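Notes follow once the structure below has been shown.
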Amino acid sequence: MQLLWQILINGVLLGGLYALMALGLVLVWGVLNIVNLAHGALIMLGAYACYYLFTGFGLDPFGALPLAMALLFCLGYLIQRCVLNLVIRAPMFNTLLITFGLEVVITFLAQMIFSADFRTVNPSYAGANFLWLGATVPLVRLLAFGVALGLTFALWLFLDHTALGRAIRATAQNLTAARLYGVNPRQLYALTFGIGAALAGAAGTLYGVVSQINPYIGSGLTGKSFAIAIIGGLDKSIYVLVGGLFLGIVEALTALYIGPTYTDVISFGILVVVLIVRPTGLLGRTA
Amino acid sequence: MKQLFSLLLATTTLLFGKPLLGAPIELGASVQLTGQFANTGRYYGDAYQFAIDKINAAGGVKIGSTREKLVLKMLDNQSDVNLSVRQYVQLVSQDKVNFLLGPFASDFVLADSAIAEKYSIPMIQGGGASDQVFSRGYKYIFGTLPPASDYFQSTLDLMGQLKPAPKTIALLYADDAFDVSVADGTRKAIGKTSMKIAVDQRYSSKASDFNSMLSLIKSQDVDAILVAGHETEILNFIRQSKTLNVNPKLYAFTVGVPSADFRAALGQDANYAFGMTSWVPSPALKDDYFGNAEQFAAEYQKRFGYEPDYHAASAVADVEAFVKAIEAANSVDPAKVRDAIARVDFDSLYGRIRFNAVGQISLPQTVVQVQKGKLVPVYGPKGAMEKALYPMPAWGKR
């Protein structure tokens, strides 16, 4: 019983990080209809940004987080403005291929610049933990969970309650109507992609604190984010949180009761089942 | 002049196939220079080139009365097994290299050695230790890593001598060819001791989250954890055992611990981790080309800017084994050289190179431990060396 409780806590905390990883992907997918296969590579860049801010400037990882987000926002903005906007009306398959290409290029450049050495962001409190109702709660995971919740909430506020957020959603729903109301889609797309990249940067920062970093972590993270996006659905940013938590808990339980070698099989198996049974996600409106 | 030479070479090649004499001896290899295994793959790429440069500087390979230079034809397989198989096919069928050096990792060697066997071109590899590589009756594959099933033997010998003796063990391993072989061998070896396996878990090779496994281990209160996996997983494992406050008396890992990269990434948290290496850069290991292992390590560090570990030493031994075998066969005929490789017996900076009936060498693993940020050998073939720090203090008391 004690063990089950601990596993559930592990799963929830892991799920929070998962949700943040998927958040940017879901935003870009939902608004721009681009499945950004380079999303994981952007997370990886966020992790390196945090690593260099931490080791080079002694910045605390949580202090480095807004900076890493700002850097990634600029990069995302440029990628959309200079590359993706040129093909935004192309069939989805083309944008898939382009983002796939971007992933390969970013990963390769990262290896050239950062080397293939394994890195960790290791502040003094990285290993700190406390007991809560008999379960060990790792401090950084809890903080990461809090940041994930906060950013999800902030994104929801932004999209639902600001003029810019409403413009972004309007563009996704009806481009012509949005244009008639004076929205500049190019600018808006770039902003959206920038925000998506900034969220990837935040996820990367936290990922570096709990895990190890190397240039190749990207593709695996894209896969995981993709599964969460499908499971949660693309309708609302809050749903991503549900998808992330669901996957985190299922993986933690799978590792314990079925075997750790089956976690990927189960999580992608769920993805397949969700696509068949509820293609709009667990919480999405069924068509 | 250069054009004339290549024209000449092309003509001889056309007339006689691969020129048997009068051309440099080409060694082909497909190595993980980029991709997820690049971190370890670089040892092979750098060490092959280093050994070949050194051998050429010493005059090359003696065949009859002439001396031939070695040439390395190296391709980057981008850490993709399927690509590496295609590259080895290209190396033997298009580039027509004389002999093959191996890639890193058992999964790759398992696939690539089939090409060597099919084309009857000898491959000496220092990257694949899985027993599976050598259990298929292949004649053209030789390996300079000790058998995977023996990896934890010396660690278990050490554990038998520790006080208070560890009683229960958690065995975790990744689901690739090498680590499954390690686990099979370790399970048998533990069976011969008085220790018991309390947790026996196989995990997915790309796993980054070990929280469930660590929670299980913690709830069972095991004395020792043995992990057979990859360096990325082991880094995550150690970090997460700290955050979950998992405190066994010892933990030991197949890979990672001997590399400088591992200690740099973990800092103080690397302390107390046990690992193993089939190679310690000691001046006692004499070598025809590098003097001894210590000199090799220093030169390697100077040239490439990072410390070599046993992967690099093993790769050098592969090249040297070819030189010895070609000189003994006095020919570059693949079949003759293959038979000569089976008979080589020489001392190298890596250790004594002599292949058994299935083509693998046997080298005892030296148990190492990170103590105050330094790598210290604690148990070797002749028994205890420096004192092992045991039991390791709880995370909160360091």
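The values are calculated or read from the model by the stated rules, or taken from the named source; none is laboratory data. Because the structure is predicted, anything quoted here is derived from the model rather than measured. Here the Cβ is made from the backbone with ideal geometry for all residues, glycine too, and neighbour counts use every protein chain on show.
Cβ-Cβ below 6 Å, separation at least six or inter-chain, first residue in the stretch B:78-101 and within 14 Å of chain A (Cβ to nearest Cβ) and over 25 Å from B:Glu320 (Cα atoms), second β-branched (Val, Ile, Thr) and surrounded by fewer than 24 Cβ atoms within 10 Å (Cβ to Cβ): which pairs?
Cβ pairs passing all conditions: B:Gln78/B:Thr34.
Find all pairs meeting these conditions: Cβ atoms under 6 angstrom apart; at least six residues apart or on different chains; first residue within the stretch B:106-133 and under 21 Å from B:Ala228 (Cα atoms); second residue buried (at least 20 other Cβ atoms within 10 Å of the Cβ) and acidic (Asp, Glu).
B:Gly126/B:Asp318
Of the conditions (1) crowded, with 24+ Cβ neighbours inside 10 Å; (2) under 22 Å from A:Gly101 (Cβ atoms); (3) not aromatic (Phe, Trp, Tyr), A:Gly208 clears all except one; give me its number.
(2)
Give me a count of the residues in the stretch A:249-275 that are under 18 Å from the mean Cα position of the chain (by Cα) and within 9 Å of chain B (Cβ to nearest Cβ).
Number of matching residues: 2.
Look through the stretch A:49-97, keep the residues that are of a type in the set (Val, Ile, Thr) and in a helix (DSSP H, G or I), and return whichever of them is nearest to A:Leu143 (Cα to Cα).
Only one residue fits best here, namely A:Thr55.
What helices (runs of 4 or more DSSP H) lie completely within the stretch B:205-304 and have 2 or more residues being in contact with a Phe, Trp or Tyr (Cβ under 8 Å, 6 or more places away or on another chain), facing chain A (nearest Cβ under 9 Å) and within 28 Å of A:Phe114 (Cβ to Cβ)?
Here the list reads B:231-243, B:260-266.
Scan the stretch A:125-147 and report the pairs whose first residue is loosely packed, with under 13 Cβ neighbours inside 10 Å and whose second residue is of a type outside the set (Asp, Glu) and assigned to a helix (DSSP H, G or I), with Cβ atoms within less than 7 Å and a gap of 6+ or a chain change.
What qualifies is A:Phe130/A:Leu139; A:Gly134/A:Gln2; A:Gly134/A:Trp5.
Of the residues A:Val31, A:Val26, which is more than 11 Å from chain B (Cβ to nearest Cβ), buried (at least 24 other Cβ atoms within 10 Å of the Cβ) and part of a helix (DSSP H, G or I)?
A:Val26
Kindly list the number of the only condition in (1) away from chain B (no Cβ under 11 Å); (2) farther than 23 Å from A:Leu149 by Cα that fails for A:Leu241.
Going through (1) away from chain B (no Cβ under 11 Å); (2) farther than 23 Å from A:Leu149 by Cα one by one, A:Leu241 breaks only (2).
Would you mind finding the one in A:Tyr181, A:Tyr189 that is more than 14 Å from every other protein chain (Cβ to nearest Cβ), modelled with pLDDT under 90 and out of contact with any Gly (no Cβ under 7 Å at 6 or more places or on another chain)?
A:Tyr181
Return the total of residues in the stretch B:57-88 being of a type in the set (A, V, I, L, M, F, W, C) and within 23 Å of the chain's Cα centre (by Cα).
Selection size over the stretch B:57-88: 8.
With respect to the numbered conditions (1) at pLDDT 95 or above; (2) surrounded by fewer than 19 Cβ atoms within 10 Å (Cβ to Cβ), which one is the sole condition not fulfilled by B:Gly28?
Failing condition for B:Gly28: (2).
Within the stretch A:126-148, can you find the residues that are within 10 Å of chain B (Cβ to nearest Cβ) and more than 18 Å from the chain's Cα centre (by Cα)?
Passing the criteria: A:Ala126, A:Gly127, A:Ala128, A:Asn129, A:Phe130, A:Leu131, A:Ala135, A:Thr136, A:Val137, A:Pro138, A:Leu139.
Taking into account only those residues within the stretch A:71-113 that are within 12 Å of chain B (Cβ to nearest Cβ) and under 22 Å from the mean Cα position of the chain (by Cα), which is farthest from A:Tyr189 (Cα to Cα)?
It comes out as A:Gln111.
So is A:Ala22 of a type outside the set (S, T, N, Q) and in contact with a strand residue (DSSP E or B) (Cβ under 7 Å, 6 or more places away or on another chain) or not?
When the stated conditions are applied, A:Ala22 does not pass them.
Would the stretch B:134-151 turn up any residue that is part of a loop (DSSP other than H, G, I, E, B), crowded, with 20+ Cβ neighbours inside 10 Å, within 14 Å of chain A (Cβ to nearest Cβ) and modelled with pLDDT of 95 or more?
no
Pairs only if they're at least six apart or on different chains, beta carbon under 6 angstrom, first in the stretch B:29-40 and more than 9 Å from every other protein chain (Cβ to nearest Cβ), second surrounded by 24 or more Cβ atoms within 10 Å (Cβ to Cβ) and part of a strand (DSSP E or B); list them, first residue then second.
B:Ala29/B:Leu101
Could you list, in sequence order, the residues of the stretch B:41-70 that are over 17 Å from A:Met112 (Cβ atoms) and without any contact (Cβ under 8 Å) to a residue 40 or more places away in the chain?
B:Gln49, B:Asp53, B:Asn56, B:Ala57, B:Gly59, B:Gly60, B:Ser65, B:Arg67, listed by residue number.
Quick check: is even one residue across the stretch B:96-103 aliphatic (A, V, I, L, M) and either surrounded by fewer than 17 Cβ atoms within 10 Å (Cβ to Cβ) or modelled with pLDDT under 95 (or both)?
Checked against the condition, which is being aliphatic (A, V, I, L, M) and either surrounded by fewer than 17 Cβ atoms within 10 Å (Cβ to Cβ) or modelled with pLDDT under 95 (or both), the stretch B:96-103 yields no hits at all.
Restricting to the stretch B:152-182, and then to whatever is more than 27 Å from B:Ala116 (Cβ to Cβ), in contact with a helix residue (DSSP H, G or I) (Cβ under 9 Å, 6 or more places away or on another chain) and assigned to a loop (DSSP other than H, G, I, E, B), can you tell me which residue is modelled with the lowest pLDDT?
B:Ala165
Would it be correct to say that A:Ala110 is surrounded by 15 or more Cβ atoms within 10 Å (Cβ to Cβ) and out of contact with any helix residue (DSSP H, G or I) (no Cβ under 6 Å at 6 or more places or on another chain)?
yes
Sort out which residues of the stretch A:160-194 are surrounded by 15 or more Cβ atoms within 10 Å (Cβ to Cβ), under 21 Å from A:Leu75 (Cα atoms) and touching a residue at least 12 places away in the same chain (Cβ under 8 Å), and write them in order of number.
Answer for the stretch A:160-194, where residues must be surrounded by 15 or more Cβ atoms within 10 Å (Cβ to Cβ), under 21 Å from A:Leu75 (Cα atoms) and touching a residue at least 12 places away in the same chain (Cβ under 8 Å): A:Ile168, A:Pro185, A:Leu188, A:Tyr189, A:Ala190, A:Leu191, A:Thr192, A:Phe193, A:Gly194.
Okay, residues lined up against (1) of a type in the set (Asp, Glu); (2) crowded, with 18+ Cβ neighbours inside 10 Å:
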residue	(1), (2)
A:Gly220	no, no
A:Ile228	no, yes
A:Gly232	no, yes
A:Asp235	yes, no
A:Val242	no, yes
A:Ala252	no, yes
A:Ile266	no, no
A:Val272	no, no
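Scan the stretch B:183-204 residue by residue and report those that are within 14 Å of chain A (Cβ to nearest Cβ) and in a loop (DSSP other than H, G, I, E, B).
Selection gives B:Ser204 alone.
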